[in-house]
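Written out below as structure tokens is the structure these notes cover.
The values are calculated or read from the model by the stated rules, or taken from the named source; none is laboratory data. From a predicted model like this one, the values you see are computed outputs, not experimental measurements. Positions of Cβ are backbone-derived with ideal geometry, glycine not excepted, and every protein chain shown enters the neighbour counts.
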Amino acid sequence: MKRRMKKIASLFLGAAITAGLLLGCGSSGKDTQGDSKAEASGSEQAGGAAEGDSAATGEAGSLDTSEHVDLRMYLIGDRTPDFDEVYGKINEILEEKLNCSISVDFLSWGEMDTKYSLLFSSQEQFDLIFTGSWAQYGQVAPKGGFYELTEEFIQTYAPDIWSVVPEVAWDQTRIDGKIYMVPNYQNEFKQDVMAVRGDLMKEYGIEKITNWDELMDFYKACADHGIYASQGGPWYQFFQYQGYSTTSGAPNSGALILYHAQDPADLDFQYILDWDGFSDYCHQMKELADAGCWSPDVLNDSAERQDGFLNGRTAGMIWNMGSCRTFAKQANAENPDWDATLVDPISNQPKAVQPYINNGVAINAVSEHKERAMMALNEFYTNPEIFDLAMLGIEGKHWEAVGEDQYKVIDESGYGVDSNCNWGWTNANIKRTEFIEDRTALDDTYDGLMDQWNNNVREPHVYDGFSFNTDAVSTQFAAVEAALGTYLDPLLNGLVDDVDQSLENLKNALEAAGIRDILEEMNNQAAAYVSEKQ
Amino acid sequence: MRGKSGLKGFLKKLHKYRVYLLMLAPAVIYTLIFAYYPMTGIVMAFKKYNYAGGIWGSPWNGFENFKFFFKSGQAGMVTRNTVLYNIAFILLGTFTQVAVAVFLTEIHGKKFRKISQSMMFLPYFISWVIVGVMAFNIFSSDYGFLNRIITSLGGEKIAFYTTPKAWPFILIFFNIWKGVGYGSVMYLAAIMGIDTSIYEAAEIDGANVFQRITKVTVPMIMPTMIILLLMSVGGIFKGNFDLFYNLVGNNGLLYNYTDVIDTLAMRALISSNDFGMSAAIGLFQSVLCLLTVTIVNKLVSMYDREYALF
């Protein structure tokens with residue numbers, strides 16, 4: 001009896017497996033069909049810029065907006081309380097001009113890494129999405145997630161964007177010669193600064209922090225006085241001080257392989273483990289970590305960058321200029337005696353501006369309303385009314401205009417300034433700046449640094465717009481990323497027992513993982529990129 | 001002719017057992033839809049995935065997706081860690097769960113038993129993220145509860161987050177602490193099912209409490225233990241990602257003792273979003289798990305056929 005039941009059960013299992021296979025085959029047939037369709041439309045785009053063009057000229061002048069369309073857009077972050085009210089106003093304008101409305105879904109910061117690519121793998125229906133070199137552009141575009149924007153397409157449906165965005169910005173977006181996003185247009189500085197407590201600097205007898213040695217003195221002074229200097233070792237500051245920059249698309253967010261950004265003539269990549277400077281840095285960090293310049297728990301501490309600074313655990317914080325200013329301001333408001341100020345430990349170097357592709361907007365490859373989406377984006381990008389709404393909120397409620405190009409904040413709690421993921425269409429030509437009434441020393445320092453930086457923009461390097469495509473070496477890339485985890489972060493923060501031994505281990509692990517293949521592929525791609533540019 | 005009578009016999013049995021089969025149907029359908037149908041996605045492990053092609057249309061690339069794991073130089077270490085941790089979890093976990101179940105049944109005060117059972121059950125409902133934060137607040141060297149106690153007693157601080165050797169103990173402790181209440185419920189049920197006359201007989205024969213436990217309770221719940229053991233052996237190559245990721249995080253210093261297959265795969269693939277490689281790792285684990293569970297099941301059935309799963 002028992003035996004028989006078992007037999008029946010196994011029969012069922014067999015049936016189940018067969019059914020599963022059949023089901024699989026069935027859907028496979030369907031999917032390949034859809035696939036060939038996608039491929040066909042792909043070749044249409046690729047081969048047929050001319051075709052698209054003729055279609056466009058067919059309806060030239062008056063683009064057809066007779067049918068009402070509801071667009072969907074994905075942004076990064078969280079929905080602010082007044083967000084829907086603001087976008088209601090935006091939709092009023094869009095309805096009138098383009099006969100369309102837009103609804104926004106948010107990917108929160110935490111789920112962005114995991115969910116962004118799932119939106120494309122699940123073939124979800126939406127039209128526009130925020131992207132950027134740090135936000136999956138290099139990963140999703142080569143896999144066919146974004147719609148290719150031909151020049152004709154942009155000129156037809158977003159002529160204003162075409163006239164605003166410079167050629168160099170479009171060039172940066174190109175992957176294998178094709179454009180997949182509309183980049184933002186502004187000079188954003190790439191380099192971070194440090195917000196420090198002025199009262200402690202005075203107490204420790206440190207007048208200024210303008211170079212690496214002064215920064216190290218400050219770190220050591222902090223440790224001597226029993227306060228942490230920052231959350232971890234200043235690795236980026238170190239190589240930027242030497243004139244290096246991260247290479248977009250390289251392992252470890254680009255920091256494993258650097259290029260000499262301050263010297264446009266230098267086209268060699270610097271793999272950090274072949275660089276004496278790196279071992280030098282690691283030894284210095286070991287010394288600092290042992291002295292107590294930061295907590296031995298930094299690798300596990302999930303605190304935000306500003307947390308330690310604001311609650312008095314660290315004497316400084318490192319972030320971009322805008323954030324440092326915001327939090328220095330907050331620190332001063334909460335602790336008037338701190339005298340928090342901004343310093344630039346890399347003042348020796350001319351300043352790099354962010355690639356324009358740092359922020360941008362892309363169109364979903366499976367969107368059914370690509371043309372209308374592009375036209376709507378054109379409004380966001382170049383219509384001052386919509387631009388102000390998206391960046392500042394509702395005039396009279398959240399902000400008020402000061403002159404033509406400035407604003408004053410009325411209430412930041414409901415919407416917030418420039419913080420609703422409106423960065424994808426930032427357009428420096430129509431972006432308002434803040435009007436400050438009662439200026440403090442901090443504001444002067446900020447403006448001073450800003451002036452200094454704007455007058456000291458570094459020459460472009462051909463690799464600024466280069467982005468490494470990891471497709472050909474994806475195995476090695478994944479293996480390198482896996483091997484890095486064990487050694488790199490502890491080294492960067494001086495937490496290892498034996499620096500030389502750890503360096504040796506890291507080096508061997510990366511060689512075995514295939515770093516040389518990556519470097520070779522990278523050099524080939526870079527050479528092709530450079531020859532294409534010239 | 002034989003086939004015909006076989007078919008006839010089958011139909012006859014189908015009719016005879018129709019009520020049982022109907023009762024079985026929901027479970028079979030559930031398994032088909034949620035376990036067998038998704039299994040066809042295994043093909044992803046052998047494909048170079050792209051969005052346009054999807055699961056079925058992307059090009060094949062053989063065993064290419066598996067390579068990164070072995071190339072990383074960490075494959076042996078993380079596989080070893082995964083298996084050793086799981087063995088520790090299974091053995092110590094089963095032991096504590098059985099022990100707790102036995103103690104709970106031996107406690108006579110009803111109120112006390114209920115309260116202590118609820119208290120032990122509680123950690124099961126706490127998210128691993130919260131457990132991670134709790135661990136950080138206990139072991140942190142700046143504000144950690146443990147280090148506060150140590151320093152107030154005049155001792156030297158211990159930097160737990162730079163001491164890899166402490167972590168196997170910490171991880172095992174938290175895993176058992178979190179699972180003991182939930183796990184003991186099964187054994188409690190099994191113990192409740194034991195015929196009380198056996199205990200009475202044992203008592204009359206002069207058995208004391210410990211003899212009652214070792215000679216009656218444990219042998220009687222042995223089948224339950226073995227079934228549960230087999231079930232957990234089925235996951236022996238799968239690291240508990242929540243546990244390891246939330247407690248260890250990105251701390252490379254601890255990886256030699258704490259890195260498991262799942263956390264390594266996450267680190268390797270989070271920046272490149274390679275679905276094919278993720279699928280490959282999952283398949284690698286599943287195949288090893290299947291092998292292990294088959295072997296262990298064979299061993300169990302050699303010991304006693306009635307205890308085996310299949």
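I'm trying to understand the selection: among the residues of region A:365-414, which are within 14 Å of another protein chain (Cβ to nearest Cβ) and of a type in the set (A, V, I, L, M, F, W, C)?
Matches in region A:365-414: A:Ala365, A:Val366.
Please find, among B:Lys12, B:Lys67, B:Lys8, B:Lys16, the residue that is facing chain A (nearest Cβ under 8 Å) and either among the aliphatic types (A, V, I, L, M) or without any contact (Cβ under 8 Å) to a residue 40 or more places away in the chain (or both).
B:Lys67
With respect to the numbered conditions (1) of a type in the set (D, E, K, R); (2) free of Cβ contacts under 8 Å to residues at least 24 places away in the same chain; (3) touching a Phe, Trp or Tyr at 6+ places or on another chain (Cβ under 8 Å), which one is the sole condition not fulfilled by A:Glu304?
(3)
Within region A:186-227, which residues are within 30 Å of A:Asn429 (Cα to Cα) and aromatic (Phe, Trp, Tyr)?
A:Phe189
Identify, by number, the condition in (1) without any contact (Cβ under 8 Å) to a residue 24 or more places away in the chain; (2) under 15 Å from B:Thr263 (Cα atoms); (3) more than 9 Å from chain A (Cβ to nearest Cβ) that B:Gly62 doesn't meet.
(2)
Please determine, by comparing only the residues of region B:301-310 that are modelled with pLDDT under 90, part of a helix (DSSP H, G or I) and away from chain A (no Cβ under 11 Å), which one is farthest from B:Ile227 (Cα to Cα).
B:Tyr303
Suppose the filter is away from chain B (no Cβ under 14 Å) and surrounded by fewer than 12 Cβ atoms within 10 Å (Cβ to Cβ); does A:Thr433 pass it?
yes
Go through region B:144-169 residue by residue and tally those that are surrounded by fewer than 18 Cβ atoms within 10 Å (Cβ to Cβ), in contact (Cβ under 8 Å) with a residue 40 or more places away in the chain and either farther than 30 Å from B:Leu228 by Cβ or within 14 Å of chain A (Cβ to nearest Cβ) (or both).
2
Select from region A:460-480 the residues that are of a type outside the set (Phe, Trp, Tyr) and closer than 16 Å to A:Thr246 by Cα and write down the one among them that is modelled with the lowest pLDDT.
A:Gly465
What do you reckon, is A:Asp301 within 12 Å of chain B (Cβ to nearest Cβ) and assigned to a loop (DSSP other than H, G, I, E, B)?
It is true that A:Asp301 is within 12 Å of chain B (Cβ to nearest Cβ) and assigned to a loop (DSSP other than H, G, I, E, B).
From the list B:Gly41, B:Gly9, B:Gly53, which residue is over 30 Å from A:Val366 (Cα atoms), of a type in the set (Gly, Ala, Ser) and modelled with pLDDT under 90?
B:Gly9 is the lone residue from the list that is over 30 Å from A:Val366 (Cα atoms), of a type in the set (Gly, Ala, Ser) and modelled with pLDDT under 90.
Given the structure, is A:Ala328 part of a loop (DSSP other than H, G, I, E, B) and among the hydrophobic types (A, V, I, L, M, F, W, C)?
no
Would you call B:Ile90 within 14 Å of chain A (Cβ to nearest Cβ), more than 16 Å from B:Met192 (Cα to Cα) and part of a helix (DSSP H, G or I)?
It is false that B:Ile90 is within 14 Å of chain A (Cβ to nearest Cβ), more than 16 Å from B:Met192 (Cα to Cα) and part of a helix (DSSP H, G or I).
A:Leu442: part of a helix (DSSP H, G or I) and surrounded by 21 or more Cβ atoms within 10 Å (Cβ to Cβ), yes or no?
In short, no.
Mind checking which residues of region B:29-59 are at the interface with another protein chain (Cβ under 9 Å from one of its Cβ atoms), touching a residue at least 40 places away in the same chain (Cβ under 8 Å) and either surrounded by fewer than 17 Cβ atoms within 10 Å (Cβ to Cβ) or within 27 Å of the chain's Cα centre (by Cα) (or both)?
Matches in region B:29-59: B:Gly41 only.
Scanning region B:270-300 for residues that are free of Cβ contacts under 8 Å to residues at least 40 places away in the same chain and facing another protein chain (nearest Cβ under 7 Å), which turns out farthest from A:Ala483 (Cα to Cα)?
B:Asn273
Among the residues of region A:178-187, are any assigned to a helix (DSSP H, G or I), farther than 19 Å from A:Tyr381 by Cα, out of contact with any His (no Cβ under 8 Å at 6 or more places or on another chain) and assigned by TED's automatic domain parsing to the domain that holds A:Gly360?
There is no residue in region A:178-187 that is assigned to a helix (DSSP H, G or I), farther than 19 Å from A:Tyr381 by Cα, out of contact with any His (no Cβ under 8 Å at 6 or more places or on another chain) and assigned by TED's automatic domain parsing to the domain that holds A:Gly360.
Are any of the residues in region A:338-352 closer than 30 Å to A:Asp70 by Cα and β-branched (Val, Ile, Thr)?
Scanning region A:338-352 turns up no residue that is closer than 30 Å to A:Asp70 by Cα and β-branched (Val, Ile, Thr).
Looking at region A:472-500, which of its residues are touching a Gly at 6+ places or on another chain (Cβ under 7 Å), more than 7 Å from every other protein chain (Cβ to nearest Cβ) and either outside any helix (DSSP H, G or I) or among the small types (Gly, Ala, Ser) (or both)?
Within region A:472-500, A:Asn493, A:Gly494 meet the criteria.
Mind checking which residues of region B:117-143 are within 13 Å of chain A (Cβ to nearest Cβ) and either under 13 Å from B:Gly249 (Cβ atoms) or not in a helix (DSSP H, G or I) (or both)?
Result: B:Val129, B:Gly132, B:Val133, B:Ala135, B:Phe136, B:Phe139, B:Ser140, B:Ser141, B:Asp142, B:Tyr143.
Specify the residue that is farthest from A:Phe146 (Cα to Cα); the eligible residues are those in region A:172-185 that are modelled with pLDDT of 85 or more and in contact with a strand residue (DSSP E or B) (Cβ under 7 Å, 6 or more places away or on another chain).
A:Tyr185
Which of the residues belonging to region A:104-117 are of a type outside the set (S, T, N, Q) and more than 9 Å from chain B (Cβ to nearest Cβ)?
Correct list: A:Val104, A:Asp105, A:Phe106, A:Leu107, A:Trp109, A:Gly110, A:Glu111, A:Met112, A:Lys115.
Here is a yes/no grid of residues against (1) in contact with a Gly (Cβ under 6 Å, 6 or more places away or on another chain); (2) part of a helix (DSSP H, G or I):
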residue: B:Leu253; (1), (2): no, yes
residue: B:Asp262; (1), (2): yes, yes
residue: B:Ser271; (1), (2): no, no
residue: B:Gly276; (1), (2): no, yes
residue: B:Ser286; (1), (2): no, yes
residue: B:Val293; (1), (2): yes, yes
residue: B:Leu299; (1), (2): no, yes
